[in-house]
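Q: Next up is a structure, given as structure tokens.
The values are calculated or read from the model by the stated rules, or taken from the named source; none is laboratory data. Values in this document were obtained by computation on a predicted structure and should not be read as measured data. Each accessible area value is taken on the protein alone, full model and side chains, heavy atoms only, with ligands, DNA and RNA left out. Shrake-Rupley method; radii C 1.70, N 1.55, O 1.52, S 1.80 Å.
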Amino acid sequence: MPTCQNCGSFVTTDYVRVFTPNEVDRPRVCPACEDLVRDGGDVREARATRSN
């Protein structure tokens, strides 16, 4: 079961397949990570907090 490297949340294998390089099996950041976002190939801190 794949998990996020940042927060440890469960991610689906489809999410891993789409958002990580072929040789990586755990994404650096996931949708549950409120403090980090993907920016192209890099991970950076969010500029603004999410509001639900």
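Q: Since PHE10 meets every condition but one in (1) at pLDDT 85 or above; (2) open to solvent by less than 50 Å² (accessible area, probe 1.4 Å), which condition does it not meet?
A: Of (1) at pLDDT 85 or above; (2) open to solvent by less than 50 Å² (accessible area, probe 1.4 Å), only one is false for PHE10: (2).
Q: Going through the range 1-32 one residue at a time, which ones are charged (D, E, K, R) and under 11 Å from the mean Cα position of the chain (by Cα)?
A: Selection gives ARG26, ARG28.
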